[in-house]
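Presented below is the structure to which this report refers.
The values are calculated or read from the model by the stated rules, or taken from the named source; none is laboratory data. Everything numeric in this text was worked out from a predicted model, so none of it was measured. Glycine also receives a Cβ, built like all others from the backbone with ideal geometry; neighbour counts cover every protein chain displayed. SASA here: full protein model, heavy atoms, side chains in, ligands and nucleic acids out. Shrake-Rupley method; radii C 1.70, N 1.55, O 1.52, S 1.80 Å.
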Amino acid sequence: MKQIKFYILILTLALVSQAALAQLRLPAIFSDGMVMQRFAPVPVWGWGNPGEKIKVTLGDKTRKVKVGKDGKWTVSMPELPAGGPYTLTVAETGKTPKTLTVNMYVGDVFLFSGQSNQELPIRRCMDNKTVAEVSKTYTNDNIHYLKLPHQFNFSEPKEDCMAAKWITINPQTAAEIAAVSYFVSKEIQEYAKVPVGIINSSVGGTRVEAWMSYDNLNRFPEYKEILKDRKFHQKNWVDSVRNAENNAIKAWNERREKNDSILHKWTNPDYDFSSWEPVDIFSRFYTKGKPHGSYWFRTTFRLSKDNVEANKGTKPLLRLGAMKDADVTYLNGKRVGNTTYEFPPRKYSFDASLLREGENEVMVQLVAEKGMPNFTKGKLYQLELSDTTIVLTDGWVMAVGANMEPCPPSTYFVDTPVGLYNAMIHPLGPLSIRGMVWYQGEANTGKPYHYKEYLQAMIDEWHGQFPTIKQSEKPWPSVIVQLAGFMGRHEKMIKSGWCDLRLQQFEACHPTVTSSLQSPNGAFLATALDCGEANDIHPQSKPTVAHRIALQLMKQVYGENIVSEGPVPVKCVRDDCKLILSFSKETGKLRSFDDGVAKVTGDYELTIDLQALQNAKTSTYGIEGNRFCYAHDEFPLCTIYNVEGIASGAFDINIE
């Protein structure tokens, strides 16, 4: 009898647990402020108790649906005119019904995906004048933005995901909105005059393969064995690897701190800095042969009594450029900032009460984990006060705290094939969208050679998931951002992963170079080539990139008869000692220039002087075999623009 009661108890608990799991639920992306695509049926789906009858009401339309045996339900609601808010009500019809309510809008929905430059927030771009000025004042309640948190799953496509709440643009929300999303949506909403929804599903440092499904990627021979042998789908494997790696990194940091000869001593009032060596912080200051560990840097500056008085009650800003890898920064012995990896700009604000009359001190502990530690040259290193700015590039001294072996590696799981598709694309379900913006590629520069095929396969797969509006003759368009200039500029064209990746992006959008630029695969280029910074993989000029994206969307989505792209070559002919390049009339008249090698000789014609090219120190133009190459460099000097001011992307073209 006791055994029977025990089994009854277990069964009851199981049923209660199952019922709890099967409660009426909508996907996480369904929250107040959500935007659904106009000119299309509105998909609504969710979960509930098997067999339960559900009533779905949107506006003045109602549909009924029954929860399936698998606990899922879905219904298609009639399309609605642009506007809102419309009230979506989902209710059970049983004795103790549960009701869910979402206030949503109808307009144009765009999916933004890719890696870090796609998700780089406004707060990281405030050195750009346009970003700083607009974000402090601009409000638009008709722009609705949703950023998906980072998440991954290798086992299977997920039905739901983690999601934040939809927000609108105003000075209070701007800081965390992705800069490209912000400025594209601003331009599109002001043009289209309807609610605009941006779903930003992007993760820094990720390859295109992470955004593809298992079946899609498995079609490529080079991935069949990789996917077959992977362990990511094994239960608890990710956690076990992560725990082991975290423990190893923790132990490394503990040894580093224990061995650091300065860490717990420099704050003593009688500490003697006289043994510290003067240093150019932009030099190779690290220990040869064993560069990892911790390094300490100190500089001082003087303030008058008037300086201190003038800054009372303010928040001065200490700028220390960028560093590799991590830093902890102190002002007059008080910690004012900490950054854990190399890319973010060090911009540390603090209370002016830390300042004092006379000598003040800045201390930086730089932790070098992997690679060569450095301070990035060309960035701002200064203290910005209300009454003055003090430059801090000179006058530093340094000492070595601890030399170590390299920090143990950690697996970047989100950059593993399939994981992001399963967790951040598939859960978006059958949402209709108006277009997609793809800003990615940096992570594929190590092996760029199949990128074009991967990208096209990903776009095709997403076309199958996200329906196109019924009025459109073609699937929604994709705007592909060609990578910005970065790193070095050379005297002759070079071969590199960055150059090859840009060509793959160009060819994905222009698979056949003809007089007509109608892309057969629905991919269109917006180059960021001239918007880069040699010393920063995350350039600030996001409004320019966003404007070029918006132009492509206006033309390809809304049918505007405008020039939406930089000059695209359609023909290259050798004429004795010259090359004559002809450009598409669709990409506008060429802006006049003559740099001694290339000269605009017609509205759509560029002439290359081959003798001058042979003698010139330039990577802007080059010839490889029977192809003319433009901007084949990591950080090229861009010269070809149309009169609208849009740069040509990096390209090469056969010489006839």
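Worth pointing out:
- Scanning region 281-300 for residues that are open to solvent by 50 Å² or more (accessible area, probe 1.4 Å) and under 17 Å from Leu331 (Cβ atoms) yields a total of 1.
- Residue ID - farthest from Gly435 (Cα to Cα), chosen from residues in region 473-497 that are part of a loop (DSSP other than H, G, I, E, B) and touching a Cys at 6+ places or on another chain (Cβ under 6 Å): Met493
- Test: Asn117 is crowded, with 21+ Cβ neighbours inside 10 Å and within 31 Å of the chain's Cα centre (by Cα): yes
- For region 68-103, taking the residues that are within 22 Å of Trp476 (Cα to Cα) and under 33 Å from the mean Cα position of the chain (by Cα), the one that is most open to solvent (accessible area, probe 1.4 Å) is identified as Pro81.
This table checks each residue for (1) part of a loop (DSSP other than H, G, I, E, B); (2) under 29 Å from Pro406 (Cα atoms).
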{"site": "Lys315", "(1), (2)": "yes, no"}
{"site": "Arg319", "(1), (2)": "no, yes"}
{"site": "Asp327", "(1), (2)": "no, yes"}
{"site": "Tyr330", "(1), (2)": "no, yes"}
{"site": "Asn338", "(1), (2)": "no, yes"}
{"site": "Tyr341", "(1), (2)": "yes, yes"}
{"site": "Pro345", "(1), (2)": "yes, yes"}
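- Scanning region 161-181 for residues being of a type in the set (A, V, I, L, M) and out of contact with any Ser or Thr (no Cβ under 8 Å at 6 or more places or on another chain) gives a total of 5.
- Taking region 607-626 as the range and being more than 19 Å from Gly588 (Cα to Cα) and assigned to a strand (DSSP E or B) as the test, the residues that pass are Ile608, Asp609, Thr618, Tyr621, Gly622, Ile623, Glu624.
Residue-by-condition table, conditions (1) closer than 30 Å to Pro344 by Cα; (2) buried (at least 21 other Cβ atoms within 10 Å of the Cβ); (3) modelled with pLDDT of 95 or more:
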| site | (1), (2), (3) |
| --- | --- |
| Thr512 | no, no, no |
| Ser515 | no, no, no |
| Ser519 | no, no, no |
| Val545 | yes, yes, yes |
| Arg548 | yes, yes, yes |
| Leu551 | yes, yes, yes |
| Lys555 | no, no, yes |
| Asn561 | no, no, yes |
| Pro567 | no, yes, yes |
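- Among residues of region 180-199, those that are surrounded by fewer than 22 Cβ atoms within 10 Å (Cβ to Cβ) and within 20 Å of Met126 (Cβ to Cβ), counted: 2
- Complete set of residues in region 163-179 that are open to solvent by 10 Å² or more (accessible area, probe 1.4 Å), of a type in the set (A, V, I, L, M) and at pLDDT 95 or above: Ile167, Ala175
- Filter result for Thr137 (part of a loop (DSSP other than H, G, I, E, B) and either surrounded by fewer than 21 Cβ atoms within 10 Å (Cβ to Cβ) or modelled with pLDDT under 95 (or both)): yes
- Unique residue being closer than 27 Å to Val557 by Cα, modelled with pLDDT of 95 or more, of a type in the set (A, V, I, L, M, F, W, C) and part of a loop (DSSP other than H, G, I, E, B) when the list is Val184, Val194: Val194
- Filtered by the rule that a residue be open to solvent by 10 Å² or more (accessible area, probe 1.4 Å) and in contact with a Leu (Cβ under 8 Å, 6 or more places away or on another chain), region 411-430 gives Val414, Pro417.
- Subset of region 252-279 [touching a residue at least 40 places away in the same chain (Cβ under 8 Å) and either among the small types (Gly, Ala, Ser) or assigned to a loop (DSSP other than H, G, I, E, B) (or both)]: Asp260, Ser261, Ile262, Leu263, Trp266, Thr267, Phe273, Ser275, Trp276
- Of the residues screened, Ser592 is one that is out of contact with any helix residue (DSSP H, G or I) (no Cβ under 7 Å at 6 or more places or on another chain), surrounded by fewer than 20 Cβ atoms within 10 Å (Cβ to Cβ) and modelled with pLDDT of 95 or more.
- So Cys629, is it of a type outside the set (S, T, N, Q), part of a strand (DSSP E or B) and over 20 Å from Gly485 (Cα atoms): no
- Breaking point among (1) within 15 Å of Ser283 (Cα to Cα); (2) touching a strand residue (DSSP E or B) at 6+ places or on another chain (Cβ under 6 Å), for Leu383: (1)
- Among the residues of region 403-450, the ones that are within 30 Å of Pro43 (Cβ to Cβ) and either in a helix (DSSP H, G or I) or free of Cβ contacts under 8 Å to residues at least 12 places away in the same chain (or both) come to 11 in all.
- Complete set of residues in region 349-371 that are in a strand (DSSP E or B) and buried (at least 18 other Cβ atoms within 10 Å of the Cβ): Asn360, Val362, Met363, Val364, Gln365, Leu366, Val367, Ala368
- Every condition in (1) buried (at least 21 other Cβ atoms within 10 Å of the Cβ); (2) at pLDDT below 95; (3) closer than 21 Å to Leu431 by Cα is met by Gln471 except one, and the failing one is (1).
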